[in-house]
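Below: the structure, in structure tokens.
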Amino acid sequence: CADAVWLAVVDSCGGQGRCRRREEGGGGREARSGGGSGARAAAWERGWAGLGRGRQQDVGSRGARPRVDAGHRAVIFDRFRGVQDTVVGEGTHFLIPWVQKPIIFDCRSRPRNIPVITGSKDLQNVNITLRILFRPVTAQLPRIFTSIGEDYDERVLPSITTEILKSVVARFDAGELITQRELVSRQVSEDLTERAATFGLILDDVSLTHLTFGKEFTEAVEMKQVAQQEAERARFIVEKAEQQKKAAVISAEGDSKAAELIANSLATAGDGLIELRKLEAAEDIAYQLSRSRNITYLPSGQSVLLQLPQ
């Protein structure tokens, strides 16, 4: 039995120190038990040394003591029993060289941006970019490694995100995607979280970071905005004209009322009111002219220049 184990170890080392049992008589057995024991011990040591060198890549640069960093977990693959159900936590652990191999998973939240082109309820092209913070469920890492693989995010997230976004966006019109963006984001988050849970993934955050429409729709929206602005301007002009009309009517009514009052005053008081207004106007003109330095008062009459001193 010891010889068989030794042969298995030496054979796994690539044939170093290979030993063949001789089918000989008792003398041969005595030779192996006597003088051949030293050669067997040396071959045994060379076999284990070759095993450590040849299988070092399976367990990483740390050999039989792999280290699991903070925020990571390890799944153990056994060459005889397959993937183990136990998930190894942080720290340094001991493994059997060549037999066991650790597969390290990052269990921290990682971001991923997924762009999707889909259609709205009114058949408008919509460009959406979804940002996801995801991480695997620690207890389901063996199942994820067995059924999906180490690149589970590349295999799962793009497909389910595209499917969920297309199903949710198709329920809203292009205008509702803008006015009800919070509702759309919440609906996408709920459906996507439920779908990702079936693959052993946890979504810590789902948000719509980019939302644009096709070129034709954007141009149509711009033209609509321009038409609405022009309509608002025309409405303002009409309202302004109506207000000016009302102001003119009110002003004319006021002038008519004033003329009527003046006529009544003239009928009752004669020209006294007109003379009074003339005096008031003359007084105002004289006051304004007196404040100007370029005005010179001359007496009335044609003999003014004759009376100047020579």
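The values are calculated or read from the model by the stated rules, or taken from the named source; none is laboratory data. From a predicted model like this one, the values you see are computed outputs, not experimental measurements. Here the Cβ positions follow ideal geometry from the backbone for every residue, glycine too, while neighbour counts run over all protein chains shown. The protein model used for the area step is the full one, side chains on, heavy atoms only, and it has no ligands, DNA or RNA in it. Shrake-Rupley method; radii C 1.70, N 1.55, O 1.52, S 1.80 Å.
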Item to complete: With the checklist (1) touching a residue at least 40 places away in the same chain (Cβ under 8 Å); (2) open to solvent by less than 30 Å² (accessible area, probe 1.4 Å); (3) assigned to a helix (DSSP H, G or I); (4) not aromatic (Phe, Trp, Tyr) in hand, flag the one item residue 143 doesn't pass.
Response: (2)
Worksheet item: Just checking, how many residues over the range 196-217 are closer than 26 Å to residue 124 by Cα and over 14 Å from the mean Cα position of the chain (by Cα)?
Response: 5
Worksheet item: Of (1) farther than 15 Å from residue 168 by Cβ; (2) touching a residue at least 60 places away in the same chain (Cβ under 8 Å), residue 106 satisfies all except one. Which?
Response: (2)
Item to complete: Could you grab me the full set of residues in the range 78-132 that are assigned to a loop (DSSP other than H, G, I, E, B), of a type outside the set (A, V, I, L, M) and on the phi > 0 side of the Ramachandran plot?
Response: 98
Worksheet item: Within the group 105, 80, which residue is open to solvent by 90 Å² or more (accessible area, probe 1.4 Å), out of contact with any Asp or Glu (no Cβ under 6 Å at 6 or more places or on another chain) and at pLDDT 90 or above?
Response: 80
Discussion item. Among the residues of the range 182-234, what is the count of those that are open to solvent by 90 Å² or more (accessible area, probe 1.4 Å) and either in contact with a Pro (Cβ under 9 Å, 6 or more places away or on another chain) or under 19 Å from residue 128 (Cα atoms) (or both)?
Written reply: 5
Fill in: Residues of the range 165-176 that turn out to be at pLDDT 90 or above and either surrounded by 18 or more Cβ atoms within 10 Å (Cβ to Cβ) or outside any helix (DSSP H, G or I) (or both), as a count
6
Discussion item. I'd like to check something: does the range 152-162 contain any residue that is in contact (Cβ under 8 Å) with a residue 60 or more places away in the chain, assigned to a helix (DSSP H, G or I) and farther than 27 Å from residue 217 by Cα?
Written reply: no
